[in-house]
Structures are given as structure tokens and as C-alpha cells.
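Chemist: Just dropping this structure here.
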Amino acid sequence: MAAGLVAASVVLITLVIGIRGVAAMRSTSDFLVASRRVTPLLNAAAVSGEYLSAASFLGIAGLVVKDGVGALWYPVGFAAGYIAMLVLVAAPMRRSGALTVPDFAEARLASPRLRKLAAVVVLVIGGLYLVPQFRTAGLVLSVVSATPYWVGVVLAGTAVATTLALGGMRAATYVQAFQFCLKLVLFIVPAIWLVLTAGAEVRDAAVQPTEFTHFSQDTPVTFRVDVTLDVEQPITAFTREGEPTRLSEGTHRMAADSTLVFPGGARVPEVAGVSPPGSPGWERPLLDFAGAGHPLLGTMAVLIATMLGTMGLPHVIMRFHTSPDGRAARRTAAITVTLLSVFYLFPGVYGVLGSVLVPQLYLAGATDTAVVALPMQVDTGWQGTLFTALLTGGAFAAFLATSLGLLLASAGAVAYDLAPAGLGRLRLAVVALATVVVCLALFAAHLDAGVLVTWAFTVAASTFSPMLVLGIWWPKLTAPGAICGVLAGLLASSGAIAVTLFGPHVSGWLAILLAQPAPWTVPLAYLTMVLVSLRGRPPAWSMPAMLRLHLAEEPAPPAARHRDRTAR
Amino acid sequence: MNKTASKRVAVMSPQTRLAHSRRRLRGPWRTPRLDPGDADRAQRAYRRQRSRGITALAATALLLFGLPVVFTMLPALTEVRLLGVRVSWLLLAVLPYPIMVGLAWWQLRRAEAAEDPGERDG
């Protein structure tokens, strides 16, 4: 109940700041001035606020519990993305005057077809990124308040769509900057409290992982998805009502939303395809997908996707536009690296504590809820309740800020790039898209937030990253080249993901290249773009179109003819 | 960029711009042009930023892709402990962040220095 209250107050405070932000903007005579006042620090806080999604707040710790310490490569890649952004994209993108990637496509290459294609890519990335946000909201709500999964998903979708359709069209900067501070505090303070309160025994166990083989005490497990358990020794478990159920040797299928209480001392049943927390290899700092046996390749795949994908995220690119000039945009990226680095020191703390205190979540298919499940394991009194509530609030802030930005970017792609329409249609697009994403999220309960989000990064890295990097740094890029490259990257990356989701089971390095296709789809997209461009001839204006992206704004105009440049 | 291309882009919040989008939809696309002076300046800035950017990216790539190789070559790092914590955990969970922050600010300073008036005209 307390958790619900905190989540509700996060939504309320967000609304209040949003409304106040709008009022502050209106009071200035010229909206342009207000916008140019967005300092790099404020903007970096807003970028980080929008960027730290449910995947960062809950997903990474959940993946550490499930896959091992190697999952900490995800945040490294997430933060490194802003170095790539700083070096390659931030200042030229701001100087192009383009607001979204489809905008940039048209400004640099003058191709309406490329613009429409880019809008489709925005929708794919938006979908892959939004589904885990809504899914995790549903999962967290079902853990803290015992509601069914779908209730949380629908509530989350309704809250985001309503906020956006009613008032979210303006002045999001202050909201997102506030949410960054909120998330930082709500993540770091409970982490320190957990480490201090957990006791020396738990701390020692956390740094010396042992395989989760026996339940240390009576442990209730609520299965969030259908799970097949492989029981080695017969167990007498209990239902929620206290009825004994005997699990004989062999496989048992557990329906989603059922609960079993496993007695302390019983041997932990195995879950097909997943190794328990603390098993050999868990402590290795590399990512090995599905036991494929190629940890180096798996780690590199995630790093390529996350580092190169960041620059193509539609909701992040948008935020850089609120900087007054290219210099401030670059500065924003540098501060963002700093702010994210502070945040990303802590998911590992939750991860290793989670593997000791709540390893049973891996049976339930709910490792993403490890962060919010931890406080009650350390303290069952008011402190535990309080910190559960705080972390739930932080998780909601995470999912809210990201979803708002993504939904707006996706709605913009529909109502601005694909089917030009007015404000009314934009609102309609928001509601329609939210409905589609809610429906998708209802069937995505078994997919980890971190994995889904990495797919969004993979698609961005295979489509927008080559288009932006080559568009900004290579004058010979042509519109047909960009179209072919984006198409190749989009089809290859989404095709590989579709095969992973719906196709036959594969193993070995092929499994990695299908589940994390960045190592081949990114070079494929770059190569296609370069080769097709080289076959054609760039138009005469191609060189000035590229060079003007690198022309710094005059800090103080020495001559009259530069006057209008500073207004940009 | 100045007299010749008079298309001005208003700076506003992304949200506002989207909401206002229908007013500037499908405006005529203008050929980008640069003054000869500006073109020279832009060409020099482009080259400088490119060479500096490549160094920074190479350093980041070395850190990111080198560390997994180190972990593969030296599995013993997982056995050695510092203050009770495995060294490889510290190398992964803590070390990259200060280095990346340092890289970001180093590159920021170099990119800004490349745009300073003295450097720009020289």
C-alpha cells in the first residue's frame, strides 16, 4: 500500500512540476529565450533522467542475479554511448537544426523517402524500448501490491498516455531533470542502507557467491510466467493456503501467477535453460548468453550495440536540441557521462545482494524485481516497508520519464513524418501507440527488460548510427546509400531478433549472433551505406551540407553579417 | 548560412516544435550553401575535429574492448581479492566509470579548444 502511495506521489509531483514549468516558460516574452536558457547541467540532468529507464533501475540488477556479474557490462556500454555521442553527434546534430533523426535525414540528404523510412525505424526502436518499460511497471506493481500482471501494465499505459495527451507537450526539461535527482537519491540511499543493514554475514556471502542449491528458509515463490521445474529430490511444498503439495521427481509445469512455499532445507529444483545464481561461471566478469560458450563474443556484442545505439535513440536526440548551441550540446554530453557514471556504480550492489538474498526469483522468472524485493529481506519492520516504497517510487520515476519521451518521439514519427497532421491527430497517435504497446507488453512478461532494451539499442546501432556518423563525417554519402544501409540494418537486426523470439532453438556462436546481432548487423549497415554511396555520385551541395554541421556558432559576432547566426 | 540562405530555425522545446509542426510542414527544401570564407573555416574545423575525435574514440574502444580481452586472458583476476572483493569485479563495476568521465572531459576540452577563435583562424 505504501509503495502504491509513493508511486502515486511520484506521478503527482511530476505533473505539478510539469505544470509549473509550462507557466515559467510562458511568462517570458519569447519562448526562444526560455529555451536557450537550458544550461548544459540542467539539460544533462534531463538527458540522464530520460535515459535511466526501468532497464537501468531494475533490469541490470536483475540480469546480475540471473546471468552473473558479467551483466555489469550493460551499464558500461550505456554510459560509453555518451562518449560516442560527444565525439560524433552532439555538436553537429545541434548545428544542423534537426530535431529528430528523420528531420536530420531530410536536412542533410534532402530525401523525403529516407525521412519516412527513418520514421518507421523510430517506431521499431520506440516499440522495443517501450514494451519493457510497461512490462516492468506491471511486474513491480504485481510484486509490491499483489495485483495481477495485466493491471499494472494497463495502469502504466493509461498514466503515461494521459499525462502526455493532456499536458506533456511542453517544458519537459524540468520534469526530467527533477526525475534524475529523484532516481539518483532513491537508488543510492537504499543501496547504502542495504549494505549497512544486511550484516557482515550477508556481505561476506555477497562477495563469495555460492551456488543456490538449497532453500535456506521457508521460501514463497510466486511464478510470474509459466515455468517448467526439474525436480531431483521429491519436495513437499505448500500452497498459499497451507495445503501440502508433493513434487515428485521429474518435470513439473507451474502456471503463471501460482504460488508455492518451498520448505527450508529442500533442494532447489532446476529451471530448464537457466543456471541458478552463484553457479560456476556466475562470478566471471563476461557475458555468456544461454551457455553458448563464447563469453568474449557475447560481451563485445552488447558493447557494440549499447555504445553505438545510444546516439540513435530518438528520445535522447530530441533533448540535445534544447541546448542553445553546438558547444552547449557537446558539454551536455560530457556532463551526462559524469552523471550516469555516478548512477551506474550502484546496480552491481543490488545485483550481488540480490543473488544472496533473493536467489529464488530466478525460479519465478522475476529477477527484474530483485531491487524492490531486497529491503524486506533485510528488515521486515517499517524500515523495510519504507525502502521498498522508495525503490518502487524510483522505479516508477524511471519508467515514467523514459516512456514519456519515447511515446512522444514515436507519436511524432507517426503524426509528423509518416502522416502529417495537426495537434489533435498527434494526441490520437499517443493514445493509439500506448494501446498497441500495452497489448504487446501483456505478452512480454517472460522477457528481461535489459535484453529487450538492448535490442532497441541494436536496431538503433544498425540503422541510425551509420546514417548519423556517415552523414556528419563523410561528404560522399548519398540518399540511396543511406536508404539501402538503413533498410539492410533494420531488416537484419529485426530479423535476427524475430528468429530469436519465434524461430527454432539454436546453440553456440550462432545463438549469440541471433540474440545479439550487433557484431554483424552494424558493419553490414555501414558497408551497405558506403558501397551504395560510392556507386552513385553525391550532389554538388553535399559538401557544404556536411561542412555547415561543423561550423561553430560565433560566440560574439565581430561583423554584422554574422548577426543571424547567433540566433540559431 | 547567412545572407544567401535565409531559412531561420526557431529554437524551442522539442515538444512545442512537434505540436507546432503542421505550420512548417513540407516547406521548400533549400540547397545548403556556404560563403567561401565560411567554407574554408568549416573545412579546417571539420579536419581538426575529425582527427581529435578519432583519438578519443580509439581510446574509448581500447578501454571497452580491451578489458574483456584482459578478463579472458587473465581468469586469475577473479580469484585475487582486494579488501575481500574479487579484483575483476572491481575492474568491471568501478574502474571504467572514472576513466570514461576523464575521457569525456578530455575530449570536450580538446574539441572546444579546436573552436577557440585563435585556433579557428590559424
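Chemist: Consider A:Leu260 against the criteria (1) part of a helix (DSSP H, G or I); (2) among the hydrophobic types (A, V, I, L, M, F, W, C); (3) out of contact with any Gly (no Cβ under 9 Å at 6 or more places or on another chain): it satisfies all of them except one. Which criterion is unmet?
Modeler: Only one criterion in (1) part of a helix (DSSP H, G or I); (2) among the hydrophobic types (A, V, I, L, M, F, W, C); (3) out of contact with any Gly (no Cβ under 9 Å at 6 or more places or on another chain) is unmet by A:Leu260, namely (1).
Chemist: Quick check on the stretch A:293-309. Is at least one of its residues among the aliphatic types (A, V, I, L, M), within 28 Å of the chain's Cα centre (by Cα) and in a loop (DSSP other than H, G, I, E, B)?
Modeler: In the first step, residues of the stretch A:293-309 are kept if they are among the aliphatic types (A, V, I, L, M); the result is A:296-297, A:300-305, A:307-308.
Going one step further and asking which of them are within 28 Å of the chain's Cα centre (by Cα), we end up with A:296-297, A:300-305, A:307-308.
Still in the running and in a loop (DSSP other than H, G, I, E, B): none.
No, the conditions are met nowhere in the stretch A:293-309.
Chemist: Go through (1) closer than 22 Å to A:Leu42 by Cβ; (2) surrounded by 24 or more Cβ atoms within 10 Å (Cβ to Cβ); (3) at the interface with another protein chain (Cβ under 10 Å from one of its Cβ atoms); (4) not aliphatic (A, V, I, L, M) for A:Pro324 and report which single condition fails.
Modeler: Among (1) closer than 22 Å to A:Leu42 by Cβ; (2) surrounded by 24 or more Cβ atoms within 10 Å (Cβ to Cβ); (3) at the interface with another protein chain (Cβ under 10 Å from one of its Cβ atoms); (4) not aliphatic (A, V, I, L, M), A:Pro324 violates only (2).
Chemist: Moving to a separate point now. Would you please name the residue that is nearest to A:Met85 (Cα to Cα), looking only at residues in the stretch B:61-104 that are part of a loop (DSSP other than H, G, I, E, B) and facing chain A (nearest Cβ under 7 Å)? Step through it out loud before you land on a result.
Modeler: Applying the first criterion (part of a loop (DSSP other than H, G, I, E, B)) to the stretch B:61-104 yields B:74, B:79-80, B:83-84, B:94-95.
From the residues that got through so far, the ones that are facing chain A (nearest Cβ under 7 Å) too are B:84, B:94.
Values: B:Gly84: 37, B:Val94: 22 Å.
Filtering first and then ranking leaves B:Val94.
Chemist: From the list A:Leu114, A:Leu88, A:Leu52, exactly one residue is in contact with a Ser or Thr (Cβ under 9 Å, 6 or more places away or on another chain) and within 13 Å of chain B (Cβ to nearest Cβ). Which is it? Before the answer, list the steps.
Modeler: Values: A:Leu114 fails: in contact with a Ser or Thr (Cβ under 9 Å, 6 or more places away or on another chain); A:Leu52 fails: within 13 Å of chain B (Cβ to nearest Cβ).
On inspection, the qualifying residue turns out to be A:Leu88.
Chemist: Right, another one. Suppose we filter A:Ala482, A:Ala496 for residues that are buried (at least 20 other Cβ atoms within 10 Å of the Cβ) and either within 21 Å of the chain's Cα centre (by Cα) or not in a helix (DSSP H, G or I) (or both); which single one remains? So that I can check it myself, show each step before the final result.
Modeler: Values: A:Ala482 fails: either within 21 Å of the chain's Cα centre (by Cα) or not in a helix (DSSP H, G or I) (or both).
After applying the criteria, what remains is A:Ala496.
Chemist: Could you tell me which numbered condition A:Glu106 fails, if it satisfies all but one of (1) surrounded by fewer than 24 Cβ atoms within 10 Å (Cβ to Cβ); (2) in contact with a Pro (Cβ under 7 Å, 6 or more places away or on another chain); (3) modelled with pLDDT of 90 or more?
Modeler: Result: A:Glu106 fails condition (3) only.
Chemist: Give me the pairs: first residue in the stretch A:40-69 and in the same structural domain as A:Ile188 (by TED's automatic domain parsing) and without any contact (Cβ under 8 Å) to a residue 24 or more places away in the chain, second residue in a helix (DSSP H, G or I) and buried (at least 24 other Cβ atoms within 10 Å of the Cβ), beta-carbon distance under 6 Å, and six or more apart or on different chains, which are they?
Modeler: From residues that are in the same structural domain as A:Ile188 (by TED's automatic domain parsing) and without any contact (Cβ under 8 Å) to a residue 24 or more places away in the chain, there are no pairs.
Chemist: Right, something else. Quickly run through the stretch A:456-477 and pick out the residues that are touching a Lys or Arg at 6+ places or on another chain (Cβ under 6 Å) and either over 17 Å from A:Leu99 (Cα atoms) or of a type in the set (S, T, N, Q) (or both). Don't jump to the end; show me each part of the working.
Modeler: The first filter runs over the stretch A:456-477 and keeps only residues touching a Lys or Arg at 6+ places or on another chain (Cβ under 6 Å), leaving A:471.
Selection gives nothing.
Chemist: Quick check on A:Val153: is it within 26 Å of A:Leu549 (Cβ to Cβ) and either in a helix (DSSP H, G or I) or at pLDDT 85 or above (or both)? Give the derivation first.
Modeler: On the way: within 26 Å of A:Leu549 (Cβ to Cβ): no; either in a helix (DSSP H, G or I) or at pLDDT 85 or above (or both): yes.
For A:Val153, the condition - within 26 Å of A:Leu549 (Cβ to Cβ) and either in a helix (DSSP H, G or I) or at pLDDT 85 or above (or both) - is not met.
Chemist: Which of (1) more than 9 Å from chain A (Cβ to nearest Cβ); (2) modelled with pLDDT under 90; (3) outside any loop (DSSP other than H, G, I, E, B) is the odd one out, the single condition B:Gln15 does not satisfy?
Modeler: (1)
Chemist: Being within 30 Å of A:Ser494 (Cβ to Cβ) and modelled with pLDDT of 80 or more: is that true of A:Gly309 here? Give the derivation first.
Modeler: Numbers: within 30 Å of A:Ser494 (Cβ to Cβ): yes; modelled with pLDDT of 80 or more: yes.
It is true that A:Gly309 is within 30 Å of A:Ser494 (Cβ to Cβ) and modelled with pLDDT of 80 or more.
The values are calculated or read from the model by the stated rules, or taken from the named source; none is laboratory data. Owing to the predicted nature of the structure, the values given are computational and were not obtained by experimental measurement. All Cβ positions, even for glycine, are placed from backbone atoms using ideal geometry, and neighbour counts span all protein chains on display.
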